[in-house]
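For reference, the structure is listed below as structure tokens.
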Amino acid sequence: MHALSRPFFSVPVEPRTSTVVWLLGLIALTLLWDMTGLDIAFMQFIGTPQGFPLKDNWVLSRVLHDGMRQAMTVVWVALCAWALWPRLSMPRRERGAVVLLSAVSLIAVNLVKNHSLTSCPWDLQAFGGGARWVSHWAWGASDGGPGRCFPGGHASAGFAFFALCLPWLDAPSGPVRRRVVGLRWLAAVLFLGLLAGAVQTLRGAHFPSHTLWTLSICAAVSVAGWRLLLSGLNAFAPRSAPPLPGPTRRAATPNAPDILAAMRPLWIPMACMLVVLWLSRLGMMVWQAERISQAQAWSHVWLEGLRFDAVLIGMVWAFPAALTPWMATARASLQGWSKVLRWYGGVMLLLTGFMELSTPAFMAQYDSRPNFLFVEYLGYAKEVGGTLIQDFWPHLLTAAVLLPALAWAFVRLSRPTRAPAPICLWQAAPLSVLLFALLALCARGALGHRPANPATVAVTTDHLVNELPLSSLYTVTYAVYQSRKAEEGGITYADMPEARVIDTVRRESGLPAAAFTDPASPMRHLQISLHPRARPLNLVIVLEESLGAEFVGRLGGLPLTPNLDRLGHQGIWFDKLYATGTRSVRGIEAVVAGFPPTSAVSTVKLAKSQRDFFTLASFLKQHGYESTFYYGGESHFDNMRSYFMGNGFDRVVEQKDMPANAFIGTWGAADGDLFDVAHNRFSQQPADKPFFALVFSSSNHAPFEFPDGGFDLHEQPKNTVNNAVKYADHALGQFFDKAKKSAYWDDTLFLVVADHNSRVYGPSVIPIERFHIPGLILGGAVKTPERIRTVASQIDLAPTLISMMGLSGETPLTGRDLSDPVQRARPGRAILQFDKIQAYMEGSDVAVLQPDSPARLMTYADGSLKDAVGRNDALVEKAQAHARYAQWAYQKQWHR
């Protein structure tokens with residue numbers, strides 16, 4: 001029969017051509033469905049004006065939604081293992097391509113979904129929600145709802161594995177494979193994806209078109225990516241395999257350019273970094289499984305983790321990837337560049353591995369991934385090194401074993417193979433552009449006008465769960481990037497007019513508007529003492545290291561502070577005092593300077609606050625006081641010596657000034673020895689010379705080293721936080737027993753207060769209960785014990801002390817004098833800084849400020865922080881005004 005007379009169905013069809021034809025047909029079907037308008041009709045058929053009856057159906061929501069999501073996570077891990085498994089019939093390159101395309105499919109769907117303005121059906125007015133219906137084709141048009149619902153995310157749990165069928169349906173040249181196997185994989189993928197999409201449609205979460213578009217995106221990414229990688233796969237295909245029946249394919253010649261082989265020095269380290277990140281995150285997910293389950297964030301952690309892994313890969317590899325195709329145009333330049341990439345890739349891989357191995361220890365201590373604190377502590381090798389050796393030696397040992405093993409594995413995997421043929425210039429140009437564009441997009445992590453950042457994943461109330469999708473190298477890099485704003489006063493949570501900010505902060509101070517007279521320092525005012533004295537009192541502040549409320553019996557904690565509890569009945573006790581932050585320097589700036597917190601590092605370490613910055617010492621110097629800082633460690637730590645000596649202090653007594661028989665631990669002299677030195681010096685002070693002393697303890701700090709004897713341990717072994725707290729309380733009790741018998745007792749006002757808690761952690765966006773600290777004012781002049789039950793902040797202590805000492809004078813303090821009954825009658829407030837998050841708490845109402853996010857209203861009660869119902873614009877304004885004021889007060893040098 002003549003060729004032209006053969007029926008159409010007898011003409012052989014190239015497999016890869018048929019794959020593209022089917023893809024085009026799928027896209028056409030999806031477009032056709034969109035044109036019919038059946039989406040709304042179908043949802044109206046299964047829904048009601050009150051919502052969707054099956055939304056909370058146990059089988060659909062728990063089994064087929066949550067259960068399938070977790071099952072697909074297991075499948076994903078199994079797929080990765082299959083890709084890496086040695087000696088399988090399918091080449092590892094093909095298996096790796098399948099895994100890569102599956103990951104890219106997931107990322108593509110989630111990128112579109114996270115930047116879509118289309119809301120879910122259950123958010124529409126027609127089904128009891130508040131959004132109006134707007135077509136997903138109306139790009140940039142919001143429907144008034146939460147959005148982020150197009151295409152179907154749950155369906156991607158099945159459709160993302162579309163690439164599984166391609167090694168059989170569109171096989172590289174060489175291997176002979178049965179197409180029926182690929183069709184079976186295709187059927188399985190379609191079944192899982194359509195089932196997942198149907199579940200969400202029945203629950204009212206997605207229109208049917210959302211599922212079809214998810215399938216189209218995954219199929220398009222898989223087919224296009226497979227075709228792009230096919231030339232490289234063909235180059236590595238076995239040459240001895242019999243040809244496939246049908247039209248003859250031109251065999252690749254040995255000297256033909258091999259793009260995949262030329263890019264091998266690039267993709268090997270990239271793949272190794274991804275494996276390290278995935279394994280690390282998987283381990284942390286297992287470790288923090290309970291908190292992830294409570295937040296219902298399994299898929300969130302994994303899928304957003306894939307996105308931020310891509311962000312890190314893009315940041316590290318975009319520019320090297322763009323250069324690689326050009327270097328591959330000549331054999332000599334490719335060989336040299338391959339060595340550069342091997343060294344660069346090895347360094348970045350080890351850095352990634354080091355950061356991930358450092359994370360468990362950091363997370364155990366600070367309940368977060370490494371942040372700028374990680375970088376700050378690198379400068380204190382003695383203190384940090386001693387702590388690591390004492391308390392975290394298993395982590396050090398693990399790192400000492402795994403990092404060399406990782407280096408050995410990378411050296412083995414990245415060994416040079418046969419030198420590939422150079423690629424052509426016409427191939428290098430588009431490939432360079434493509435690689436740079438793809439990796440730059442990965443680095444950006446978003447298609448919208450703002451790139452992805454940690455706020456993108458902050459969708460649960462548990463801050464640690466929000467950080468799990470990130471990588472530790474990324475969080476530290478981002479923290480260093482954000483630190484450039486330190487001299488600007490930190491993050492701007494919301495812009496407000498300066499006059500409005502000042503007016504709000506002045507009003508909340510409780511002082512009349514006429515009290516503020518200095519335009520150069522908006523909060524500067526004359527504070528009149530409510531307790532005038534002929535001879536003002538001395539002041540001693542005992543700043544207790546890491547003493548949270550959970551360790552204090554009188555605050556409902558463990559029975560570890562019998563001496564502090566006893567003293568609490570003899571002075572003015574604060575029931576609801578809150579620290580401003582989680583670092584000692586944050587406590588110092590609040591207690592000693594009365595400065596409110598910012599997201600920047602403490603003013604103790606910033607340049608503009610090293611001279612002429614208001615502190616109690618600079619204020620008291622005008623009244624003839626002599627000020628001394630007592631510290632058992634080395635005072636250069638955290639820049640304390642420079643800060644104090646530049647802002648009113650006259651001398652520093654530190655570790656080198658301790659007696660020869662003092663107990664010296666990792667962080668310096670024990671509290672008992674420090675108190676002895678301080679007491680002896682107080683006793684030698686002339687009676688007519690008032691003094692101020694800041695005594696900063698350090699025994700209650702990991703690795704919790706203190707001398708034996710004098711008190712009963714709370715538990716075994718000795719070096720635990722509970723025993724260290726009990727020792728610190730023992731030393732404090734002995735100090736006050738001596739002070740009460742001394743000549744300076746009647747003329748001295750004492751403040752005992754914690755700088756911060758031991759560990760600030762918990763499943764909340766900000767664990768407020770871990771900011772609760774003890775506070776006690778006592779001394780010979782305090783005749784009537786009191787209990788202040790209102791919420792108070794560390795920034796309220798300085799104005800309270802000034803008033804109780806019998807002093808009057810001008811200050812820029814924003815805190816409240818809580819010795820004033822009028823101030824005590826007002827609703828108390830506290831300002832808390834938790835890394836980049838700031839909370840403003842008034843009574844039980846809390847406004848939470850986060851970068852690049854709207855303010856979040858919450859309620860704090862019974863140790864639990866929950867989202868509030870309704871609006872409280874006044875509280876949000878107070879929170880934003882105080883945050884902005886603190887920035888300007890540092891930046892414009894108002895705190896003078």
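The values are calculated or read from the model by the stated rules, or taken from the named source; none is laboratory data. Note that the structure is a prediction, hence the values are computed from the model and not measured. Note: ideal-geometry Cβ built from the backbone for every residue, glycine included; neighbour counts use all protein chains shown. Remember, those area values only see protein heavy atoms, side chains included, never the ligands or the DNA or RNA. Shrake-Rupley method; radii C 1.70, N 1.55, O 1.52, S 1.80 Å.
Below are the figures for this structure:
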read-out	value
Cα pair distances in region 392-471, grouped into 5 Å bins until the bin that holds the longest one, percent each	3, 10, 9, 9, 13, 15, 16, 13, 8, 4, 1
Karplus-derived 3J(HN,Hα), 6.51/-1.76/1.60, for each residue of region 784-798, Hz, glycine and proline x	10, x, 9, 9, 8, 9, 7, 4, 9, 10, 4, 6, 7, 6, 4
Proximal aspartates and glutamates relative to Lys576, as straight alpha-carbon distance under 16 Å, when same-chain residues fewer than 8 apart are discounted	Glu550, Asp565, Asp755, Glu769, Glu786, Asp796, Asp817, Glu842, Asp845, Asp862
Entries in Lys113/Lys339; Lys689/Lys718; Lys113/Lys866 that, when Cα-Cα distance is taken, lie over 32 Å	Lys113/Lys339; Lys689/Lys718
Under 5 Å, built H, 5+ apart or other chain: amide partners of Ser699	Asp671
Phi-based couplings in Hz for region 335-351 (Karplus 6.51, -1.76, 1.60; Gly and Pro marked x)	5, x, 5, 4, 5, 4, 5, 5, 5, 4, x, x, 5, 5, 5, 5, 5
Stretchable slack from Lys339 to Ile528, in nm (0.36 nm times residue separation minus alpha-carbon distance)	60.8 nm
Alpha carbon centroid spacing (whole Å) that separates region 554-617 from region 673-697	20
Separation in nanometres of the label points that stand 7 Å from Cα toward Cβ, at Lys738 and Gln716	3.2
Proximal lysines relative to Lys608, as straight alpha-carbon distance under 20 Å, when same-chain residues fewer than 8 apart are discounted	Lys485, Lys892
Gained length - Val347 relative to Ala499, 0.36 nm times residue gap less alpha-carbon distance	49.6 nm
FRET efficiency, Ala825 to Ala687 (Cβ-Cβ, R0 35 Å, nearest 0.05)	0.40
Separation between Cα centres of region 762-797 and region 343-364, rounded to whole Å	40
Sparse-neighbour loop sites [trypsin sites (Lys or Arg not before Pro); region 744-836; at most 11 other C-beta within 10 Å; DSSP]	Lys783
Efficiency of FRET from Cβ geometry, His623 and Leu282, R₀ 51 Å, rounded to 0.05	0.25
Amide H contacts under 5 Å for Lys576, placed H, 5+ residues apart	Ala792
Packing-based ranking, highest mean first, of 681-691, 162-172 given that Cβ atoms within 10 Å are counted	162-172, 681-691
Ranked by how many other beta carbons lie within 10 Å on average, peptides 792-798, 545-551 from highest	792-798, 545-551
Label-to-label distance, nm, for residues given as Val401 and Val433 (7 Å Cα→Cβ offset)	5.1
The chain - Cys residues lacking any other Cys C-beta under 4.7 Å	Cys80, Cys165, Cys218, Cys272, Cys424, Cys442
The chain - percent of accessible surface contributed by carbon and sulfur, probe 1.4 Å	63
Residue-normalised accessible area of the chain, given per residue in Å² at a 1.4 Å probe	42
Cα-derived Rg over Rh, computed across the chain with Rh taken as Kirkwood radius	1.05
Peptides ranked, highest mean first, by Cβ atoms within 10 Å: ranges 67-76, 87-96	67-76, 87-96
Length released on extending from Ser853 to Ala515, taking residue separation times 0.36 nm less the Cα-Cα span	118.1 nm
Residue-averaged [θ]222 nm for the chain, counting only DSSP H segments that reach four residues, each worth -39500 (n - 2.57)	-15000 deg cm²/dmol
Region 699-805: Cα Rg divided by the 2.2 N^0.38 Å rule of thumb	1.28
